[in-house]
Ligand SMILES: [Zn+2]
């Protein structure tokens, strides 16, 4: 019995010491404590109001994420991406990482701000990191996504949508919010399947007649795209909604698609 116990203790301590993320886990814990302390500040002190006049309201909760931003990692394995996200030098992170075998790594509390969106814009929203959950999907950028990966992703999205009441329209890609700067997730990403499951919208252009005065670029803007650089916006739109077409021009079918999407995203 004693021998078995010693063996178990050996296994536990040994597995701990071989955890390659031991140091970064410690950093996470320390950093989370700093923010917990900030939230617990009492009474509140700032440069404008006098803390003598502090009155704590009884009615509040935590701010919630309202968007989900999907990415491909553009790396060669989940291990490589985990290393990137646990290295201070990289200055990038995400809340979740979905591996090819369907494993989902949770890297950051959903209420905290990951560094995933960068310089981006969707509608009038600019600080997307403050508004969103970032999900990275293990993919080198040029290959299809695996079935276990998409199944795990759909389960994760379902939980997030319910937990934070995220609107159907607010499941978007990194390329959508950063036209000309980002091209992820790549054109193999099954946006239509996601829309069929309630994450983002899709379209049906059969029998659709577009009015002659319809402005396709304005429709792109209504959907959410930053149209400052029109060609870049069109490219991001096609990557998401017309994946077989890599041109940067709007044709008649695109006009029909945008006419339909504008009604759903407005
Ligand atoms: Zn990205």
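Just so it is clear, none of the values below were taken in a lab; they were calculated from the coordinates. This structure is a prediction, so every number in the text was calculated from the model and none was measured. So basically every Cβ, Gly included, is an ideal-geometry build from the backbone, and we count neighbours across all protein chains shown.
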Inset, instruction - Could you please give the count of residues in segment 30-72 that are more than 16 Å from the ligand (Cβ to nearest atom), touching a helix residue (DSSP H, G or I) at 6+ places or on another chain (Cβ under 7 Å) and within 30 Å of residue 158 (Cβ to Cβ)? - result: 3
Legend entry - Unmet requirement for residue 168, which otherwise passes all of (1) more than 13 Å from the ligand (Cβ to nearest atom); (2) in contact with a helix residue (DSSP H, G or I) (Cβ under 9 Å, 6 or more places away or on another chain); (3) over 22 Å from residue 65 (Cα atoms): (3)
Legend entry - Residue check for residue 251: in contact with a helix residue (DSSP H, G or I) (Cβ under 8 Å, 6 or more places away or on another chain) and farther than 21 Å from residue 167 by Cα: no
Inset, instruction - Determine if segment 183-192 includes at least one residue that is farther than 17 Å from residue 145 by Cβ, away from the ligand (no atom under 16 Å from the Cβ) and in contact (Cβ under 8 Å) with a residue 40 or more places away in the chain. - result: no
Inset, instruction - Pairs only if they're at least six apart or on different chains, beta carbon under 7 angstrom, first in segment 32-43 and free of Cβ contacts under 8 Å to residues at least 24 places away in the same chain, second surrounded by 10 or more Cβ atoms within 10 Å (Cβ to Cβ) and in a helix (DSSP H, G or I); list them, first residue then second. - result: 43/51
Legend entry - Residue list for segment 73-109, restricted to those being under 15 Å from the mean Cα position of the chain (by Cα), surrounded by fewer than 18 Cβ atoms within 10 Å (Cβ to Cβ) and either under 9 Å from residue 134 (Cβ atoms) or away from the ligand (no atom under 15 Å from the Cβ) (or both): 104, 105, 106, 109
Inset, instruction - Tell me, please, whether a residue that is buried (at least 17 other Cβ atoms within 10 Å of the Cβ), over 13 Å from residue 72 (Cβ atoms), in contact with a helix residue (DSSP H, G or I) (Cβ under 7 Å, 6 or more places away or on another chain) and free of Cβ contacts under 8 Å to residues at least 24 places away in the same chain can be found in segment 111-124. - result: yes
Inset, instruction - Name every residue in segment 171-182 that is more than 11 Å from the ligand (Cβ to nearest atom) and on the phi < 0 side of the Ramachandran plot, in order of residue number. - result: 171, 172, 179
Inset, instruction - Mind listing whichever residues of segment 120-151 are within 14 Å of residue 176 (Cα to Cα), within 15 Å of the ligand (Cβ to nearest atom) and part of a loop (DSSP other than H, G, I, E, B)? - result: 120, 121
Inset, instruction - Considering only segment 44-68, state which residues are under 30 Å from residue 117 (Cα atoms) and more than 26 Å from the chain's Cα centre (by Cα). - result: 46
Legend entry - Test: residue in segment 110-119 that is within 16 Å of the ligand (Cβ to nearest atom), in contact with a strand residue (DSSP E or B) (Cβ under 7 Å, 6 or more places away or on another chain) and not in a loop (DSSP other than H, G, I, E, B): no
